[in-house]
Amino acid sequence: MKTHHLKLALMLTSVLSLVACSQEETNKDVTMVDKEKQTDTGAESMPKELVAEPVTQAEAVEKNVKGEVSMKGSIIYKDLEGGFFAFIAENGDRYTLHGLDKTYQKNGLVVEVKGTPKPDMMTFTQFGTVLQVSSVKVLDTSKVIDNLQTK
């Protein structure tokens, strides 16, 4: 008796799945004419033309400056991927410095740096966030290590 109910349930499940598959295939048979009719009916709600508002260069620069940060920390030299200068802020955040003047490329130099973080920028260094440096103020030179063997 149990096998009879099991066979009946299996046959019923098979029939239902076949019916569902056949309905899917009938929905797929939409012609190009039908698709054009569908797009014509929805065309009223869609914009006819993409319009971009012009932005002056001064406004673009102003938006970029708003993202500028100022922080204190140490410049360090990392001997990775040919060597690079990084910045570790007082709160422990790590940054790869881009646009750092040669004058400030000293391992152990304590500075206040201003710049714009570029979290979407990728580098080979993979050391924290990229920081585009705009200005540097030296705070302490007593911790500078001069015996770097950079190439």
* Could you tally the net charge around VAL110, taking each other residue with its Cβ under 12 Å from the Cβ of VAL110, Lys/Arg +1 and Asp/Glu -1? => +1
* Once the piece of chain linking GLU81 and VAL144 is laid out straight, how much longer is it, given 0.36 nm per residue of separation minus the C-alpha distance between them? -> 20.5 nm
* Structure fact -> Contact order relative to length for the range 68-140, counting C-alpha pairs under 8 Å separated by 6 or more residues, stands in percent at 35 percent
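Every number here is computed from the coordinates shown, using simple stated rules; none is lab data. Just so you know, these numbers come straight off a predicted model, no measurement behind them. Ideal geometry is used to build each Cβ from the backbone, glycine not excepted, and the neighbour counts take in all protein chains shown.
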